[in-house]
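Scroll down for the structure; my scribbles are underneath it.
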Amino acid sequence: MVKAVVGANWGDEGKGKITDMLAEKADIIVRFQGGANAGHTIVNDYGKFALHTLPSGVFYDHTTSVIGNGVALNIPVFFNEVKSIVDRNVPMPKIKISDRAQMVMSYHVLFDQYEEERLGGKSFGSTKSGIAPFYSDKYAKIGFQVSELFADEDDLRDKVERVCETKNVLLEHLYHKPLLEPEKIYEELMSYKEMVEPYVCDVSLFLWNALREGKEVLLEGQLGSLKDPDHGIYPMVTSSSTLAAYGAIGAGIPPYEIKQVITVCKAYSSAVGAGAFVSEIFGEEADELRRRGGDGGEYGATTGRPRRMGWFDCVASKYGCRIQGTTDVAFTVLDVLGYLDEIPVCVGYEKDGTVTTEFPTTCELEKAKPVLEVLPGWKCDIRGIKKYEDLPENCKKYVEFVEEKIGFPITMISNGPGRQDIIYRK
């Protein structure tokens, strides 16, 4: 059986914790898209970790961690991440890397930095991890697939020459930066070959056989619905599909195998990077929520940037869950809201004198203002509670109000950062 864990909003919803928790009963965990441009924070018996490319189920010794063909694989970053967890007494994970995955090259990172620098005040708020240039090259058919590391040397050298020729035009005439040297790029690829060789496999076939044997597979997505390049707040989006449907493509499995889509929603909103954010709050109100939020403050796991804060957005979350094909909602960081006397919730968008509860395209979204409804807070700490019926009455009312507004069942509630801080709800 295949389950997908994905985000409903702008990312940073708590997918890492949910994946880490569900991985206890899984055999294989697959990252199917994105790269090291976003992080999943995990707190478990080994400590606190920020993972960027490794699947979040890596902490169990019975699981296999898989990098699917849809991932933007930065090989040095990936293996440094493996070393960083092993150095903290996590057992060396079992790893498989798709021979069809493509590699983030050092020049992708440079081009990302150069473009953000060139755009200045009109930049996209990139993490400068090379993701947009990587996916641009992939679809322009000038990327490097892992399998090519093991191809004929002359063919690879020829391709390196051609790619450098293309890139150097931009470096010389647009960015006015040093040119690429083909020999150095070839040497870079050979160093990647040495690192990745023991782990390369036909991941699609591996997963096909695993599913025929009845294995449990978890697909772990990066970011959330609103950062999807087709269905998100374009152009302030990421460069790979963040949707569960893409899990079939990015892992190389049949779409009918995905039986459960667990979509993660925060009990409030947060976002890193630029783009429309209707329920956003500012000033002391935002600072207080940011300070109390997450598992040590709301700061990007990759960049350390302070996250933009907002109240729970029913419009965005309903849309985000719908576009994911949600079967279950995991509602996270509910415990954070315990300090509030009253909790505003965005229940609609007002635009040109009319109110809608449907999520619009970006140009319309930019004009929208939040319609808020205020619920009473519960004014106590709910960490440690294991049963839904033991939650304070106003806390349960908040959960049920959100569930009704988004129209999808909240079956898991996270009330703390640890692996065991979870309430299952039917």
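Using a cut-off of 16 Å between alpha-carbon atoms, which lysines can reach Lys426, once sequence neighbours fewer than 8 places away in the same chain are excluded? Output for Lys426: Lys386, Lys387, Lys396, Lys397.
Once you've got the GNM for the chain with C-alpha springs shorter than 10 Å, pick whichever of Gly325, Gly283, Gly297 has the biggest mean-square fluctuation. Maximum among the listed residues: Gly283. For the pair Tyr339 and Asn89, the difference between a 0.36 nm per residue extended length and the Cα-Cα distance amounts to 86.4 nm. Note on the chain: with neighbouring protein chains present and a 1.4 Å probe, carbon and sulfur make up 50 percent of its accessible heavy-atom surface. Computed over the chain with a Gaussian network model linking Cα atoms closer than 10 Å, the most mobile of Thr357, Thr242, Thr166 is Thr166. Compared with the rule-of-thumb size 2.2 N^0.38 Å for a compact globular protein, region 1-98 has a Cα radius of gyration ratio of 0.98. With 23 Å as the limit, the listed pairs Lys3/Lys128; Lys94/Lys193; Lys3/Lys227 have Lys3/Lys128 beyond it between alpha carbons.
Only helical DSSP H runs with n ≥ 4 go in: add -39500 (n - 2.57) per run for the chain, normalise by residue count and round the 222 nm mean residue ellipticity to 500 deg cm²/dmol.
Mean residue ellipticity at 222 nm (helix-derived): -9500 deg cm²/dmol.
In the context of the full set of protein chains, the chain has a per residue accessible area of 42 Å² (1.4 Å probe). Comparing mean-square fluctuations of Leu289, Leu340, Leu119 from a GNM of the chain with C-alpha springs under 10 Å, the top value falls on Leu119.
The Cα trace of region 320-390 gives Rg and Dmax of 16.1, 45 Å, the first to one decimal, the second as a whole number. Computed extension length for Leu119-Glu366: 86.9 nm, one decimal, from 0.36 nm per residue of separation with the Cα-Cα distance subtracted. What is the helix-to-structure angle for 283-292, meaning the angle in degrees between its Cα long axis and the longest Cα principal axis of the chain, kept from 0 to 90 and rounded to the nearest 10? Tilt of helix 283-292: around 80 degrees. Between Arg212 and Tyr234, what is 0.36 nm times their sequence separation minus the Cα-Cα distance? Round to one decimal in nm. The span from Arg212 to Tyr234 would gain 4.1 nm if fully extended. Computed from the C-beta positions of Phe150 and Lys184 and an R0 of 22 Å, the FRET efficiency is 0.60 to the nearest 0.05. Each of Asn394 and Arg100 was given a label point 7 Å from its Cα along the Cα-to-Cβ line. The distance between the two points is 5.3 nm.
Quick one: longest stretch of the chain between exposed loop GluC sites (Glu not before Pro), exposed meaning at most 10 other C-beta atoms within 10 Å and loop per DSSP?
1-212
Hey, what angle do you get for helix 153-170 against the long axis of the chain, alpha-carbon based, 0 to 90 degrees rounded to 10? Relative to the chain, helix 153-170 is tipped by roughly 60 degrees.
Straight-line cross-link partners of Lys405 among the aspartates and glutamates, defined as a Cα under 20 Å from its Cα and at least 8 positions apart when in the same chain: Glu13, Glu280, Asp313, Asp328, Glu342, Glu350, Glu358, Glu373, Glu393.
Note on Lys386 and His62: with the Förster distance fixed at 35 Å, the Cβ-Cβ geometry gives a FRET efficiency of about 0.90. Between Arg157 and Thr356, the C-beta separation translates, for a Förster distance of 56 Å, into a calculated FRET efficiency of about 0.50.
How much of the DSSP bridge set in region 22-90 is antiparallel, in percent, rounded to the nearest 5?
Rounded to the nearest five, the antiparallel share is 50 percent.
The values are calculated or read from the model by the stated rules, or taken from the named source; none is laboratory data. These figures come from a predicted structure and were not determined experimentally. Here Cβ is always computed from backbone atoms with ideal geometry, including for glycine, and neighbour counts include all displayed protein chains. The area values use the complete protein model at the heavy-atom level, side chains included, leaving out ligands, DNA and RNA. Shrake-Rupley method; radii C 1.70, N 1.55, O 1.52, S 1.80 Å.
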